[in-house]
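Let me begin by presenting the structure, written as C-alpha cells, before commenting on it.
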Amino acid sequence: MNRNITRRGILRTGMATGGAALLTPFSASRIFAQEPEKPAEIIVRAWGGDWVAALKAGVSDRFTEETGIAVRHDLTEDNEIQPKIWAAVAQGRIPPIHVNWDTTTNASKSALRGVTEDLSDLANLANTTDLAKPIGLDGYPIVNTYGYVYVLAYRPEAFPDGAPKSWRDLLDPRLKRRIALYNDGIGFHFPAQVAGGGSLEDIPGNMDACWEFIREIKNQQPLLGEDPDFTAWFQNGEIDAACTISTNALAAKKNGIDLAWTVPEEGCKFDTDGLWIPQGLPENELYWAKQYINMALSQESQQIWLDGLGLPGVVPDLTPPEGLENDPSYPTKPEDFENLIRISSKIQIENESEWFAKFKEIMQG
Amino acid sequence: MPRDSEDRSFRYPLKWRIMDGLNAALDLLWPRRLGRYTGWALLTPALLLVGILVLGLFQIAENSLHTLDTSTFLPGEEYTLANYLIVAESPTYWRIIWRSLLGAGLTVFFTLLLALPYSYMMVRTNKAALRKTLLIVLFLPFFIGQVVRAYGILIVMGSSGAVNDALGLVGIEPIRLLFNFPAVVFGLVQYMLPFAVLMLAPALTAIPRETETAASSLGANWLKVFRHVILPMAKPGLVGAALVVGTLSLTDFAMPAMLGGGSQDFIANAIYDQFFRTADQGLGSALALLLVALGSVIAGVVIAFFGAGTLGMRGRK
C-alpha cells in the first residue's frame with residue numbers, strides 16, 4: 001500500500017486523536033498537564049456487602065481499567081476510620097486511606113475539623129445537580145454522590161391489610177419485639193417528631209414529640225442494629241418491620257426475602273452520602289484520588305454504581321433501576337421529595353451527641 | 001598409655017558443647033557480675049509493655065479533661081471536669097454501669113458453678129479417654145474467636161434456630177431467646193468457661209486425693225467432703241478464676257453488642273459509642289477511666305480480702 005503523508009493528513013489525525021482524548025474522563029489532565037506518577041494502588045474505604053460490590057462495579061473497576069491503578073477497598077466502618085484519619089492528620093502522618101466513602105453528616109464533621117481536601121476543581125462537578133453540593137459548608141470539602149431514604153421496610157405477610165400507612169402502625173401490639181431501628185436512632189428522629197404530633201420546624205429546639213414517640217416505640221422492645229443486622233434479621237425471621245435505608249431492604253429482597261417498603265404519611269428522612277479525601281497524601285496520590293472521585297461523578301459510573309444500590313444519583317438523566325421507577329425510595333422529581341424530610345447536616349452534627357444521648361437514655365432503660 | 005589416648009580422644013556430647021557455647025555467649029552479653037540484676041532484666045520487656053499502657057492511660061486522662069467543640073470537632077482548650085459531670089448526672093450511664101456490674105457478677109457465679117464440677121471431673125477421672133474428651137470439648141471453642149462464637153449462638157438460638165426447632169417438636173411456639181440481658185450473660189458464661197477451668201484445674205490438682213479419702217473414711221458423705229474439704233482447698237483457684245472472669249466480663253464489648261440487640265450495652269459499648277459514633281473522645285476517655293477505676297477497685301478489694309488465689313498473692317489472714 002502506498003500512502004502519501006501530507007500536512008493536512010497529519011493535522012486531521014491530530015484533531016481526531018485530540019477529539020477522542022477529550023471524550024475520556026481524564027482528558028483535561030492528559031492534555032493540559034503531565035500526569036503525576038501513578039501509585040500501584042489506591043485505598044477506598046467502603047461499606048461491605050452489596051454496597052462495596054456496587055462501588056466496585058461502577059467506579060473501582062472502571063478506574064483500574066482506565067488508569068491501571070488497582071483499587072483496594074477498606075471495609076473499616078466509617079465511624080471507626082474517622083478517628084484514625086483525624087489522628088493521622090493531626091500527627092502529620094500519611095492517612096490510612098485515599099478516598100473515604102462516608103455519610104454526609106460524618107464527612108461534614110471531618111470537613112469542620114479541617115482534615116479534608118478541597119474537591120472543587122473536579123471536572124465532572126460541572127455536570128452534577130444541586131444534590132452534589134454539601135449544604136452549610138464552603139466549597140466542596142466533600143462531594144455528595146447520591147441520596148437515600150430511610151424507608152419503612154416490612155414483610156408483606158405481616159401486614160395482610162396492605163402497606164403500613166403511618167409510623168404509628170409500628171405500635172400495633174402484634175409487632176411487639178418484631179421491629180428494628182438503627183442503634184443510634186439515625187433516620188428515625190425526624191419522622192418520629194411528626195408521628196409524635198410535633199412539627200419539623202421545631203427541630204432542633206423542641207423535639208419533645210419525637211422523644212415521646214420513641215418512648216412509645218421503646219415499649220415495643222425494638223431490636224437496635226446497623227445495616228447488616230437488618231438484612232440478617234429479616235432473613236432469620238426475627239423482625240417484621242424496620243426503619244432502614246432502602247438499599248438494605250433491596251439487598252434483602254435480592255436474597256429472596258419477601259420484603260416491601262413504603263414512605264408513611266409522616267414522611268421519611270432523606271439524606272446523602274459522599275466521597276472525600278483526607279489531607280496528608282503525597283501530591284501524586286492526591287491527584288489520582290481526585291481522579292477516582294471525578295470518575296464516580298461521571299454519567300457511566302453513576303449509572304452502574306447506583307443501579308447496584310438502587311439509589312438516585314447526582315447527575316441528571318440516570319435511568320432508574322428496574323422496578324424502582326416511581327418508587328418512593330427513588331426520588332428524582334421535585335414532587336417525589338414532598339413527603340421526604342431533609343434536615344441540614346449542620347443541624348444534624350451540632351445536635352447529634354444530644355440526640356444520641358437522649359435516644360440511648362430511652363432505649364437503654 | 002592406652003588410657004591417655006582415650007582421654008585425648010574424648011569429646012563431650014554435641015548438646016553439651018552447644019550449651020557451653022551458649023553459656024560463653026551469654027557471659028559476653030550479660031557478664032556474671034550483673035547476675036543480681038538478672039531478675040530486673042527479665043522483667044524489663046513486661047515493664048515496658050505496662051509502661052506503654054500507663055502512658056496511654058495518662059493520655060486518656062488528659063483527653064477526658066476536654067469537652068468536644070462541635071463547631072470544629074476538636075477538643076476544647078480548657079481543662080474541665082464536665083465530661084465526668086455528664087457521666088455522674090446521666091441515668092443512662094448509671095444504668096449501664098449497674099448492668100455491667102450485674103452482668104459480670106452473674107457471669108462469675110454461673111461460670112464457677114459450671115467450671116468447678118467440670119474441672120474436678122477433668123483432674124480426678126482415671127479414664128484417659130474421658131479426660132482427653134473433656135479437654136478437647138473445653139479447648140475447641142477456645143480456639144474460636146469471641147465474635148464467631150457469638151454468631152454461633154445467634155444461629156443456634158435465633159427464632160428459627162436449632163433450639164426453637166427443638167422446642168417446636170414438643171409443641172412450643174418459637175420464643176425470643178436472644179437480644180436480652182439473659183442472652184448476654186449466657187454468651188459471657190459460654191465464653192468464660194474455659195478461662196475458669198484453666199484457673200481451677202491446677203488448684204484442684206493440688207488437693208491430695210488422700211485428703212478426700214480420709215474425710216470419707218471418717219464418715220463424711222460426698223456433699224460434706226465437697227463442702228468441708230474441696231471447696232476450702234480450691235479457694236485459690238476459685239478466687240483466681242473469679243478475678244479473671246469478672247474483669248474480662250466487666251470490660252466485654254462483643255457479647256453485649258451482638259447478643260443484646262442494641263439495648264443491653266455494657267460500659268465498653270458506651271465507650272465505643274463516644275469514640276466512634278459521636279466522635280466525643282473526651283467523654284469516651286472519661287468513661288474509659290471510670291471503667292479502669294471500677295475494675296481496679298473491685299480487683300483490689302477481692303485481692304485484699306481473699307488474695308489473688310492461683311494468681312499468686314496472699315490475702316489478709
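Each value in this text was obtained by applying a stated rule to the coordinates, not by laboratory testing. Bear in mind that the values here come from a model prediction, so they are computed numbers and not experimental data. FYI the Cβ positions are ideal-geometry reconstructions off the backbone, even for glycines, and counts take in every protein chain you see.
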Radius of gyration and maximum dimension Dmax of segment B:75-149, Cα, Å: 21.7, 67
Proxy reagent accessibility, fewest Cβ within 10 Å first, across B:Ile136, A:Ile186: B:Ile136, A:Ile186
Two-site label geometry, A:Asn284 and B:Asn221: point separation in nm, points 7 Å out along Cα→Cβ: 8.4
Calculated P(r) tail over 19 Å for segment B:171-225, as whole % of Cα pairs: 61
Dipole magnitude of segment B:82-311, debye to nearest 20 (Cβ charges: Lys/Arg +1, Asp/Glu -1, about Cα centre): 760
Contour minus Cα-Cα distance for A:Asp202 and A:Asn219 (0.36 nm per residue): 3.6 nm
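Please state the shape class of segment A:238-337: rounded when a/c is under 1.5, otherwise prolate if a/b exceeds b/c and oblate if not, all from the C-alpha gyration tensor.
prolate
Find out how many positive minus negative residues lie around B:Thr67, taking Lys and Arg as positive, Asp and Glu as negative, among other residues whose Cβ is under 9 Å from that of B:Thr67.
Numbers: positive: none; negative: B:Asp69, B:Glu78, B:Asp280.
Counting the neighbours of B:Thr67, the net charge comes to -3.
Going by C-beta contacts inside 10 Å, put A:His73, A:His189 in order with the fewest on the left.
Numbers: A:His73 18, A:His189 27.
Starting with the residue having the fewest Cβ neighbours, the order is A:His73, A:His189.
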When the convex hull of its Cα atoms is projected in every direction, mean area for segment A:41-136 (nm²): 6.9
Cut-off under 5 Å, modelled amide H: who pairs with A:Ile341 long-range: A:Cys268, A:Lys269, A:Phe270
Note, ³J(HN,Hα) from phi for segment B:36-49, Karplus 6.51, -1.76, 1.60, rounded to Hz, x at Gly and Pro: 5, 9, 4, x, 5, 4, 5, 7, 3, x, 5, 5, 4, 4
Relative contact order for segment B:82-311, counting Cα pairs under 8 Å that sit 6 or more residues apart, in percent: 28
Calculated from backbone phi, Karplus (6.51, -1.76, 1.60) coupling profile of segment B:94-99 in Hz, x at Gly/Pro: 4, 5, 5, 5, 4, 4
Rg over Rh [alpha-carbon atoms, Kirkwood Rh] for segment A:203-277: 1.02
Kirkwood Rh in Å, taken over all unlike Cα pairs in segment B:153-245: 16.3
Distance (nanometres) between label positions extended 7 Å along Cα→Cβ at A:Asn127 and B:Leu42: 7.1
For segment B:61-73, Karplus couplings with θ = phi - 60° (6.51, -1.76, 1.60), whole Hz, Gly/Pro x: 4, 5, 4, 5, 9, 10, 8, 7, 8, 6, 8, 10, 6
20 Å Cα-Cα reach of A:Lys333 towards aspartates and glutamates, excluding residues that sit fewer than 8 places from it in its own chain: A:Asp130, A:Glu265, A:Glu266, A:Asp271, A:Asp273, A:Asp307, A:Asp317, A:Glu322, A:Glu325
Chain A: relative contact order as a whole-number percent, Cα under 8 Å and 6+ apart: 26
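Filter the cross-link list A:Lys218/A:Lys254; A:Lys218/A:Lys358; A:Lys176/A:Lys254 down to pairs whose alpha-carbon distance in this structure exceeds 22 Å.
On the way: A:Lys218/A:Lys254 30 Å; A:Lys218/A:Lys358 13 Å; A:Lys176/A:Lys254 27 Å.
The answer is A:Lys218/A:Lys254; A:Lys176/A:Lys254.
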Total formal charge among the other residues, if their Cβ is under 14 angstrom from that of A:Pro334, Lys/Arg +1 and Asp/Glu -1: -2
Separation between Cα centres of segment A:168-196 and segment A:238-296, rounded to whole Å: 21
Gain on full stretching of the segment that runs from B:Met121 to B:Ile52 - 0.36 nm per residue minus C-alpha separation: 20.7 nm
Cβ-based charge dipole, the protein assembly as shown, positive-most Cα from B:Thr205, B:Phe305, A:Ser298: B:Thr205
Förster radius 45 Å - calculated FRET efficiency between B:Tyr12 and A:Asp74, Cβ distance, rounded to 0.05: 0.20
Rounded if a/c under 1.5, otherwise prolate or oblate - segment B:82-311, Cα gyration tensor axes: oblate
Those aspartates and glutamates that a straight Cα-Cα span of less than 17 Å connects to B:Lys224, excepting residues fewer than 8 apart in one chain: B:Glu210, B:Glu212
Debye intensity ratio in log₁₀ form over the Cα atoms of segment B:1-127, taken at each q of 0.15 Å⁻¹: -1.00
Given charges at Cβ of Lys, Arg, Asp, Glu: the protein assembly as shown dipole, positive-most of B:Phe226, B:Gly161, A:Ser120: B:Phe226
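Based only on other Cβ atoms within 10 Å, what is the fewest-to-most ordering of B:Phe276, A:Phe359, B:Phe143? Numbers along the way, then the final one.
Working: B:Phe276 18, A:Phe359 25, B:Phe143 8.
Listing B:Phe276, A:Phe359, B:Phe143 from fewest to most nearby Cβ atoms yields B:Phe143, B:Phe276, A:Phe359.
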Other-chain or far-sequence residues with amide H under 5 Å of A:Arg72's (modelled H): A:Ile42, A:Ile43, A:Val44
Euclidean distance of C-alpha centroids, segment B:226-248 and segment A:328-365, integer Å: 51
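Compute the Cα gyration tensor for segment B:38-82, then decide on rounded, prolate or oblate, letting a ≥ b ≥ c be the square roots of its eigenvalues: rounded whenever a/c is under 1.5, prolate when a/b is larger than b/c in the other cases, and oblate in all that remain.
Verdict is prolate for segment B:38-82.
Give me the net charge of B:Val225's neighbourhood, meaning all other residues with Cβ under 14 Å from the Cβ of B:Val225; Lys, Arg count +1, Asp, Glu -1. Walk me through the intermediate numbers first.
On the way: positive: B:Arg124, B:Arg209, B:Lys224, B:Arg227; negative: B:Glu210, B:Glu212.
With Lys, Arg at +1 and Asp, Glu at -1, the neighbours total +2.
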Extension reserve of the A:Lys333-A:Ala260 stretch, reckoned as 0.36 nm per residue once the Cα distance is removed: 24.1 nm
Extreme residue, positive dipole direction of chain B, given options B:Met121, B:Leu42, B:Thr80 (C-beta unit charges): B:Met121
Separation of the B:Glu62 and A:Glu325 label points, Cα + 7 Å toward Cβ, nm: 6.2
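Over the protein assembly as shown, what is the percentage of antiparallel beta bridges among all DSSP beta bridges, to the nearest 5?
Around 60 percent antiparallel, to the nearest 5.
What value does chain A have for Rg/Rh, both radii from Cα atoms and Rh as Kirkwood defines it? All intermediate terms of the calculation are to be shown ahead of the outcome.
Working: Rg = 22.8 Å, Rh = 22.0 Å.
For chain A, the value is 1.04.
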Estimated FRET transfer efficiency when R0 is 41 angstrom, pair A:Gln303-B:Glu77 (beta carbons, to 0.05): 0.25
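Need one number for the protein assembly as shown: average projected area of the convex hull over its C-alpha atoms, nm². Could you put the intermediate results ahead of the total?
On the way: hull surface 218.2 nm².
Directional mean of the projected Cα hull area for the protein assembly as shown stands at 54.6 nm².
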